[in-house]
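What follows is a short report on a single structure.
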Amino acid sequence: MENLRKKGITFLKIIFSVILLYFVFNKIALKEVFELIKTANPYFLILAVLFFVGSKVFAALRLNLFIHALDIPLSHRSNFKLYLLGMFYNLFLPGGIGGDAYKGYVLKKEFQLKTKRIVSILLLDRLSGLLLIFQFACLFSLFLKQAIFDNFQVVLIAALLISLVVFWFINKKYFSYVYSVFWKAVGYSFLVQGTQIISVIFILKSLSIAANSLAYLFIFLVSSIVSVLPLTIGGIGSREVVFYYGALWLGLEENASISISMLFFIITAFVSLLGIVYHFKKPSLLVAK
C-alpha cells in the first residue's frame, strides 16, 4: 500500500512537471530558445560546470560536517560518493528511494545512528542551504532598480538579520548536539551558493547576456527556493515558471531567461548522471584515518 502511494505521488509530480513545462513552452518561442542555447560559448559553459561541481563539493563537505558532529568520522571520499549517488537518485529515479532518504538509510544502517538524529542533520543541511539562498536573494534585491523593492528596503534588511538569528536560535535550542558546527555549516553554505551564483554568471556570459545580470541572478535564487518544494520532479517545470514570470515581472527577455534555466538544468543533470556509477557499485562507507 505504501509503495502504491509513493508511485501515485511520483506520477502526480511528473504530470505537474509536464503541465508546467507545456504552459511555459507555449508562452515562449521555443525555437528561438534552442537557437540561443546552440550559440552558447562552450568555454564559458565548461567554467559553469566546474563551478557547479565545486558547489556540490562544498555541499558534500557541509553534510559531512554534520555527520562528524555526531561522532561518525566518515571519510570525505566515501561521503562524496554517497552524495553523488544521492544526486542521481533525486533526479533520475524519482519513483524509487529519494537521495536524502537513501543517505539517511545507509548512515543509520552502517553506524547504528538514531533515526531522529539522521533526519535532523539532513534537515539542517537543507535548511542551512536555503538560509543562504534566501539571504543572497534579499541582498541582491536591495540593488535591483525596481519600485517594488524600493518600498521594502527596511524589510529586506531586517529579513537578512532576522533569518540568521532565528536559524541560530533554532539550532542552539533544539539541535544542541550539532550546534558546535553551526557557523562552519553557514560558511560552507555561503561557499555552496556563491559558487553556484558564479556558475550562473558563466552561463550568462556563454549566452552573451551582459545587461541586467543581477536581475537574472535574483530570479535564479528565487527559482532555487521554489524548486525545493516537493511539487515536481527535481524542480523541473517549477524552475522554468519562475524564470518566465520573473523575466516578465522584472522586464527581462523571456527567451533568454528560459535559456538560462534550461542550461542550468542540463549541467545539473550531467553532473548528477555521474552518480550512476555508484548505483551499480554501491560505495563503501569508510571512516577517516
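The values are calculated or read from the model by the stated rules, or taken from the named source; none is laboratory data. Source: prediction; values computed, not measured. Because the Cβ atoms are built from the backbone with ideal geometry, glycine has one as well, and the counts that use them run over all protein chains shown.
Points to keep in mind about this one:
- Per-region count, segment 119-141, residues at pLDDT below 90 and over 19 Å from the mean Cα position of the chain (by Cα): 0
- Among the residues of segment 197-208, at least one is touching a Gly at 6+ places or on another chain (Cβ under 9 Å) and either touching a residue at least 12 places away in the same chain (Cβ under 8 Å) or among the polar types (S, T, N, Q) (or both).
- Residue within segment 56-69 that is more than 30 Å from Ser176 (Cβ to Cβ), under 18 Å from the mean Cα position of the chain (by Cα) and assigned to a helix (DSSP H, G or I) present: no
- Qualifying positions in segment 86-100 - crowded, with 17+ Cβ neighbours inside 10 Å and either at pLDDT 90 or above or touching a Ser or Thr at 6+ places or on another chain (Cβ under 6 Å) (or both): Met87, Phe88, Leu91, Pro94
- Every pair of residues 6+ apart whose Cβ atoms lie under 9 Å, when the first sits in segment 14-26 and is polar (S, T, N, Q) while the second is buried (at least 16 other Cβ atoms within 10 Å of the Cβ): Ser17/Thr232; Ser17/Ile233; Ser17/Gly234; Ser17/Gly235; Ser17/Ile236; Ser17/Gly237; Ser17/Ser238
- Residue among Leu130, Leu123 that is under 23 Å from Phe51 (Cβ atoms), out of contact with any Cys (no Cβ under 8 Å at 6 or more places or on another chain) and of a type in the set (A, V, I, L, M): Leu130
- For segment 95-130, a residue qualifies if it is of a type in the set (A, V, I, L, M) and under 15 Å from Val178 (Cβ atoms), and the qualifying residues are Leu107, Leu113, Ile118, Val119, Ile121, Leu122, Leu123, Leu124, Leu127.
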